[in-house]
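Input: a single structure, listed below in structure tokens.
The values are calculated or read from the model by the stated rules, or taken from the named source; none is laboratory data. What you see is a predicted model, and the numbers here were worked out from it, not measured in a lab. Every residue, glycine among them, receives a Cβ derived from its backbone with ideal geometry; neighbour counts consider all protein chains shown.
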Amino acid sequence: MTAVSNSVLLRGGHVLVFDKEKKATFSVLDVLVEGTVISKVGHHIPARPETKIIDASGKIVCPGFVDTHRHLWQSHLRTSVANQTLLEYCGHLLFGRALFYKPHDVYLAQLGAAAEAIHCGVTTVLDHSHIQLSEEHIQQCIRASIDSGLRSIYCFAPYGLPESINPLRFSDKPNELHQRQLHQFYKLSNQVPLGNLQNDGRVTLGLGYDGIEYRPVEDTKKLLEFAHDRGLPITFHDCRRHGMSAMKFLRENNLLSDTMVLSHFTFPLEEDFEAAKRHGVGISSTPESEMQMGHGWPEAFPAMRHGCKTGLGVDSSAICSGDLFSAMRMCLQMQRARDNHELACRNKIPKQLQATVDQVLYMATLGGAEAIHRESEIGSIGVGKRADIILISTDSPCMVAAGDPAAALVLHASPSDVEHVIINGEVVKENGKLLRVDWSTLKHELRENMKELEESYKSADWSRNTDEMVDAWKMTDKLE
């Protein structure tokens, strides 16, 4: 594991801090990192001789972005589902290409995804990991996350993946498969640290749990209580239109808790918003994938307006870009269009915009930390917080002379503007270069590995696989 510098001083940057009204401020300040935490924020902080000094003058000093929902292992399939619906994604990728992944393939895919996240200024990911093909696949996912330097919550997700394709065949003993996977989850819950001794606490365990509507209530209650009692975040896909209505099930069975995160949360009822707020449930919106996959309108702003803990996510780099700049931009402008359309339907013209850059920037930082129940540790720059910090250059043609740093971050910045990334006090990207991974080597390995994977499934008929999946799910009459 790379040694962490004892202390780092960020000198004279425009430091993002939110006030009580969630308005972004950018005072020129120094930030001192000692060990893994932020020890001082102020003016003219003195540095010890051994302190690493980074000149942040003219730069934006921002809390690392928090991604509240991503399937890291899927980055290796980038662009493969660019023109596909959720059903096609399931038939081609989740219940298709995933079956061909060997443990080393998963390691490379996970490592590449984590490197992408860090490159883009994402320092924390809630990783909903549902490629549970074997215990070795699971360990390689965790190992890659540790090796990358990313902070992540590895949400082990029991999942009934098929046994074969062409023809598509699922296990004829799904309950036994589910119990075997839960046994692996319980084993992981006893690992301290998770994965291996190289884990300095950045990679922790959570639970991803789907299909709760189809399992005995008492069994589900027992599992959720186990995770809750250990402070493990529990995340669910919540897409009412696609038959994944976790909120409805949890609400009706009095199972909601303040360790839960609902991803997507589309087509919510008023009582769903109220329940999420009352129980402290986090809401994760992934605007790019939600609009493509037919989930429904992204509900980030409505959730925030109802007082819910709300964050953003990428979902899958197989579908869309792996940075939260794009997610912020998409989320903001979509909501503005939605608000303006509602006015237009009443023959009204907007006097002012209701959705602001400050609000969506909050979602990508402290709001995201709140949504995954880690706001006491990450999401803002303050004394005692974990030192997860990014420095954004304002020198590019896209960023120069920007008068409003918040607007610049949301509407103009891109991953190429992320100059430095610090996670847990360790500089993992410096002057635009990744330090934890040898990118020149890794990119070659990823390309070669992709060729091998493509060769392994070149004879697969993905359309047939999707059709057979639709038949198995009895959804033919719903398609158009």
Tabulated pairs, the range 165-188, first within 27 Å of Thr204 (Cα to Cα), second of a type in the set (S, T, N, Q), C-beta under 9 angstrom, 6+ apart or interchain = Leu177/Ser171; Gln181/Gln132; Gln184/Gln132
Of the conditions (1) part of a loop (DSSP other than H, G, I, E, B); (2) surrounded by 13 or more Cβ atoms within 10 Å (Cβ to Cβ), Leu391 fails just one. Which one is it?
-> (1)
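Is it fair to say Val383 is buried (at least 22 other Cβ atoms within 10 Å of the Cβ), of a type in the set (A, V, I, L, M) and at pLDDT 95 or above?
Values: buried (at least 22 other Cβ atoms within 10 Å of the Cβ): no; of a type in the set (A, V, I, L, M): yes; at pLDDT 95 or above: yes.
Taking the combined requirement at face value, the residue does not satisfy it.
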Would you mention how many residues in the range 227-256 are in contact (Cβ under 8 Å) with a residue 24 or more places away in the chain and over 24 Å from Asp315 (Cβ atoms)?
-> 5
Answer yes or no as to whether Phe236 is among the aromatic types (Phe, Trp, Tyr) and surrounded by fewer than 19 Cβ atoms within 10 Å (Cβ to Cβ).
-> no
Quick one: is Thr235 β-branched (Val, Ile, Thr), in contact with a strand residue (DSSP E or B) (Cβ under 9 Å, 6 or more places away or on another chain) and over 30 Å from Gly91 (Cβ atoms)?
-> no
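Please specify each residue of the range 128-143 satisfying the condition of being buried (at least 24 other Cβ atoms within 10 Å of the Cβ) and either β-branched (Val, Ile, Thr) or without any contact (Cβ under 8 Å) to a residue 60 or more places away in the chain (or both).
Our first condition is that a residue be buried (at least 24 other Cβ atoms within 10 Å of the Cβ); within the range 128-143, this holds for 128-129, 131, 140-142.
Across the range 128-143, the qualifying residues are Ile131, Gln140, Ile142.
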Among (1) in contact with a Cys (Cβ under 9 Å, 6 or more places away or on another chain); (2) in contact (Cβ under 8 Å) with a residue 60 or more places away in the chain; (3) not polar (S, T, N, Q), where does Asp417 come up short?
-> (2)
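Helices (runs of 4 or more DSSP H) wholly in the range 183-297 with at least 1 residues that are modelled with pLDDT of 95 or more and more than 25 Å from Tyr362 (Cα to Cα) - which ones?
Numbers: elements: 217-229, 246-252, 270-279, 287-293.
Here the list reads 217-229, 246-252.
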Within 30 Å of Val360 (Cα to Cα) and of a type in the set (D, E, K, R) - does that describe any residue in the range 445-463?
-> no
Can you name every residue in the range 65-97 that is within 18 Å of Cys155 (Cα to Cα) and out of contact with any helix residue (DSSP H, G or I) (no Cβ under 8 Å at 6 or more places or on another chain)?
-> His69, His71, Leu94
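Per-residue answers, yes or no, for (1) hydrophobic (A, V, I, L, M, F, W, C); (2) in a loop (DSSP other than H, G, I, E, B); (3) touching a residue at least 60 places away in the same chain (Cβ under 8 Å):
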| residue | (1), (2), (3) |
| --- | --- |
| Val437 | yes, yes, yes |
| Leu442 | yes, no, yes |
| Glu454 | no, no, no |
| Lys458 | no, yes, no |
Considering only residues of the range 15-66 that are without any contact (Cβ under 8 Å) to a residue 12 or more places away in the chain and of a type in the set (Asp, Glu), which is nearest to Asp388 (Cα to Cα)?
-> Asp19
